[in-house]
Amino acid sequence: MKKTLRFAAWFGIVYLIALIFTVIFAVVKHFNPDDSTWTVTAIIAECICTILFSIIMYSFYLLGKYAKNRLLRIASILTMLLEIISLPFAILFEIHQPDPVYTITYFLIVIFLTGIVMLMMGISLLRLNDRLKGLATSFGVLMIIAGASFMTIVFFFIGIVLLIPIYIMIPILFLKASKQY
């Protein structure tokens, strides 16, 4: 289990780097909408991020299994499903801009569902506090606040800002868990 969690920590770091490039590609694509090269690059980057994120969520599933934390396993599976189901829509939005009503409706639904899953994940991380001490508590609280922000939809910008420390804490959590489990 130690090797798996250390491996997950490295995937967390690679995911963070890939996510930065994905955002850069999306911004460049936005300013060059007629250049199909940036569209393809953004789609490939989104696919890579989805794969990496799914591996990280599977690692959370394994951590939940090892720690006998059923809620963490369920939240991990739901997060993977949400990410994988969202990918085709993200690709569609990169290729073709649908009617704004559909786009806004889709994003509102995804933001709300993301909030629910983040709340579940945050609560389940608090249950790891016996072994991971303050790290699990701070990570869980951040996830709960971000999830609640996403669920209100009005405050989702707070959730987006909180994603920065959350994504940074993922590799740290897995490294600490690899020493504890």
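Below are the figures for this structure:
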{"read-out": "Members of the stretch 31-60 found to be aromatic (Phe, Trp, Tyr) and farther than 30 Å from MET1 by Cβ, listed by number", "value": "PHE31, TRP38"}
{"read-out": "The stretch 31-59, residues that are touching a Lys or Arg at 6+ places or on another chain (Cβ under 9 Å) and aromatic (Phe, Trp, Tyr)", "value": "TRP38"}
{"read-out": "Scope the stretch 157-181; condition surrounded by fewer than 19 Cβ atoms within 10 Å (Cβ to Cβ), of a type in the set (Phe, Trp, Tyr) and in a helix (DSSP H, G or I); matching residues", "value": "PHE157, TYR167"}
{"read-out": "Contacts under 7 angstrom Cβ, first residue in the stretch 13-26 being without any contact (Cβ under 8 Å) to a residue 40 or more places away in the chain, partner in a helix (DSSP H, G or I) and not aliphatic (A, V, I, L, M), 6 or more apart", "value": "ALA18/CYS49; THR22/GLU46; THR22/CYS49; PHE25/TRP38; PHE25/THR41"}
{"read-out": "Filter result (among the polar types (S, T, N, Q) and free of Cβ contacts under 8 Å to residues at least 40 places away in the same chain) within the stretch 37-68", "value": "THR37, THR41, THR50, SER54"}
{"read-out": "Complete set of residues in the stretch 28-71 that are of a type in the set (S, T, N, Q) and in contact with an Asp or Glu (Cβ under 8 Å, 6 or more places away or on another chain)", "value": "THR39, THR50, SER54"}
{"read-out": "Given (1) farther than 29 Å from LYS176 by Cα; (2) in contact (Cβ under 8 Å) with a residue 60 or more places away in the chain, index of the condition ILE109 fails", "value": "(2)"}
{"read-out": "Verdict on SER54 being among the polar types (S, T, N, Q) and either at pLDDT 95 or above or closer than 28 Å to LEU125 by Cβ (or both)", "value": "yes"}
{"read-out": "Hey, ALA177 touching an Asp or Glu at 6+ places or on another chain (Cβ under 9 Å) and either aromatic (Phe, Trp, Tyr) or within 16 Å of ALA67 (Cβ to Cβ) (or both) or not", "value": "no"}
{"read-out": "Single condition ALA148 does not satisfy, out of (1) over 18 Å from THR79 (Cα atoms); (2) among the hydrophobic types (A, V, I, L, M, F, W, C); (3) surrounded by fewer than 19 Cβ atoms within 10 Å (Cβ to Cβ)", "value": "(1)"}
{"read-out": "Test result for PHE139, in contact with a helix residue (DSSP H, G or I) (Cβ under 9 Å, 6 or more places away or on another chain), closer than 25 Å to LYS176 by Cβ and assigned to a helix (DSSP H, G or I)", "value": "yes"}
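The values are calculated or read from the model by the stated rules, or taken from the named source; none is laboratory data. Computed from a prediction, not measured in an experiment: that's the story for all the values here. Glycine also receives a Cβ, built like all others from the backbone with ideal geometry; neighbour counts cover every protein chain displayed.
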